[in-house]
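These notes are about the structure you will find just below.
The values are calculated or read from the model by the stated rules, or taken from the named source; none is laboratory data. None of these values were measured; they are calculated from a predicted model. Backbone-built Cβ (ideal geometry, glycine too); neighbour counts: all protein chains shown. Keep in mind that these areas ignore ligands, DNA and RNA; they rest on the heavy atoms of the full protein, side chains included. Shrake-Rupley method; radii C 1.70, N 1.55, O 1.52, S 1.80 Å.
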Amino acid sequence: TMRSLQVMRDRGYLCEVVEHWNPHARVRKDLFGFIDILCLSDSEVLGLQTTTKTNMPARIKKICNHEHFAPVLRAGIKLVVHGWRKDKTGKWVVDEFVF
């Protein structure tokens, strides 16, 4: 989450983490079931899910099958998945999937 926050802030977005921990149920709760970070610019609202590169396909499938997927897109919220991995030098790099 912190790496994705930095990337989006470097791109000029105003960002806020909207995922929260429910200590009673001991689960993480994402906004609308799949948004970890909400990002705003002058021209768009972007919902971001962040994960590992290897977990990206599962997250994309989860988002597409979620009951709130279509309403969120209809509201004009752009959805992006960040998949983090280390390159050959050990540096963290991000791959993006945009809906």
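What the table below lists for this structure:
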{"read-out": "Residue-by-residue Karplus 3J(HN,Hα) for the stretch 34-50, coefficients 6.51, -1.76, 1.60, Hz, glycine and proline x", "value": "7, 10, 8, 9, 9, 10, 10, 10, 5, 10, 7, 10, 10, x, 10, 10, 10"}
{"read-out": "Count of lysine pairs in the chain with Cα separation under 19 Å (8 or more residues apart, or interchain)", "value": "9"}
{"read-out": "Accessible area per residue, Å², the chain with all protein chains present, probe 1.4 Å", "value": "64"}
{"read-out": "Compactness of the chain - radius of gyration and Dmax, Cα, Å", "value": "13.6, 41"}
{"read-out": "Inter-label distance, nm, simple model (7 Å from Cα along the C-beta direction), Trp21/Ser43", "value": "3.9"}
{"read-out": "Listed residue (Met56, Gln6, Val98) projecting farthest to the positive dipole end of the chain, Cβ model", "value": "Met56"}
{"read-out": "Accessible area, probe 1.4 Å, largest first, for residues His20, His82, His68", "value": "His20, His68, His82"}
{"read-out": "Whether the stretch 46-92 is rounded, prolate or oblate, judged on the alpha carbon gyration tensor where a/c under 1.5 counts as rounded", "value": "oblate"}
{"read-out": "Once exposed loop trypsin sites (Lys or Arg not before Pro) are cut out (DSSP; at most 12 other Cβ, 10 Å), longest piece of the chain", "value": "27-87"}
{"read-out": "Carbon and sulfur %, accessible surface of the chain computed with the full protein complex present, 1.4 Å", "value": "54"}
